[in-house]
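Q: I'd like to ask some things about the structure below.
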Amino acid sequence: MPEEIRVAINGESDIVTARQKGRDLALALGFGGVDLTLLSTAISEVARNIVKYAGRGEILLWADAKDQAQGIVVQARDQGPGIADLELAMRDGYSTGNGLGLGLPGARRLMDEFDIQSSSANGTVVTLKKWARTF
Ligand SMILES: Nc1ncnc2c1ncn2[C@@H]1O[C@H](COP(=O)(O)OP(=O)(O)OP(=O)(O)O)[C@@H](O)[C@H]1O
Ligand SMILES: [Mg+2]
């Protein structure tokens with residue numbers, strides 16, 4: 001298994017690729033059942049935001065481990081316009097693009113850890129992590 005998987009996001013079809021690669025890595029790490037679906041949904045949301053708001057970017061996927069637990073990290077990066085007010089962007093229902101405004105807050109709820117960094121100078125980096133269940 002490679003250290004890090006990188007999926008370039010330039011359009012709609014790349015969202016499908018990122019979701020599939022994420023699912024493959026998660027399966028290899030021992031994820032199963034509903035967690036695979038939750039992970040796929042979170043990847044779709046951050047990848048779709050790249051297409052919609054930045055035009056292009058990338059999704060990086062890698063494995064993490066803590067004690068006995070296996071984890072998967074999803075990082076969505078772009079060099080787009082950035083998000084002016086992160087607190088607002090993380091609220092349910094806030095959208096500048098006629099969306100439902102549920103993508104970012106939803107992705108946070110679906111995963112175990114969530115971090116977002118954004119500026120007009122450097123674009124946006126969203127980092128998501130999920131731990132596999134050990135039972
Ligand atoms: N990568 C990004 N670059 C710039 N702005 C972003 C990015 N991702 C999100 N945003 C901003 O944050 C807002 C909230 O994002 P979120 O994904 O929660 O909702 P949405 O994309 O508007 O709607 P939905 O995801 O429900 O279709 C967006 O409307 C947009 O203003
Ligand atoms: Mg969205």
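The values are calculated or read from the model by the stated rules, or taken from the named source; none is laboratory data. Treat the numbers as computed from the prediction; the structure is a model and nothing was measured. Note that we place each Cβ from the backbone using ideal geometry, even for glycine, and neighbour counts take in every protein chain shown. For the accessible areas, the whole protein counts, side chains as well, though only heavy atoms, and no ligand, DNA or RNA atoms are used. Shrake-Rupley method; radii C 1.70, N 1.55, O 1.52, S 1.80 Å.
Q: How do F31, F114 stack up against each other in accessible area, from largest to smallest, with a 1.4 angstrom probe?
A: Accessible-area ranking of F31, F114, largest first: F114, F31.
Q: Next up: So if I place +1 on the C-beta of Lys and Arg and -1 on the C-beta of Asp and Glu, and nothing else carries charge, what would the dipole magnitude of region 78-125 be about its Cα centre? I want it in debye, nearest 20.
A: 140 debye
Q: While we're here: Post the alpha-carbon centroid distance, region 1-69 to region 98-134, in whole angstrom.
A: Here the answer is 12 Å between Cα centres.
Q: Using heavy-atom solvent-accessible surface (probe 1.4 Å) with all chains present, what is the largest-first order of S44, S13?
A: Ranked from most to least accessible, the order is S13, S44.
Q: Still on this model: Show which lysines lie in cross-link reach of K129 when reach means a straight Cα distance below 17 angstrom and same-chain residues fewer than eight apart are skipped.
A: Leaving aside lysines fewer than 8 places away in the same chain, those within reach of K129 are K21, K66.
Q: Let me ask something else about it. Over region 7-78, average the accessible area per residue using a 1.4 Å probe and give it in Å², no decimals.
A: Roughly 45 Å² per residue, with all protein chains present.
Q: Sticking with this structure for a sec: With a 1.4 Å probe and every protein chain kept in, tell me what percent of the accessible surface of the chain is carbon plus sulfur.
A: Accessible surface attributable to carbon and sulfur in the chain totals 47 percent.
Q: How big is the charge dipole of the chain about its Cα centre, in debye rounded to the nearest 20, if each Lys and Arg gets +1 on its Cβ and each Asp and Glu gets -1 on its Cβ?
A: 220 debye
Q: Could you state how much accessible area D24 has, in square angstrom rounded to the nearest 10, with a 1.4 Å probe and all protein chains kept in place?
A: Rounded to the nearest 10, that gives 80 Å².
Q: Right, here's the next one. Per-residue HN-Hα couplings for region 41-57, Karplus 6.51 cos²θ - 1.76 cosθ + 1.60 at θ = phi - 60°, whole Hz, x for Gly and Pro?
A: Using θ = phi - 60°, the values come out as 5, 5, 4, 4, 5, 6, 5, 5, 4, 4, 4, 6, 10, 10, x, 8, x Hz.
Q: Compute, for E12, the solvent-accessible surface of its heavy atoms (probe 1.4 Å) with the complete set of protein chains present, and express it in square angstrom to the nearest 10.
A: Accessible area, nearest 10 Å²: 110 Å².
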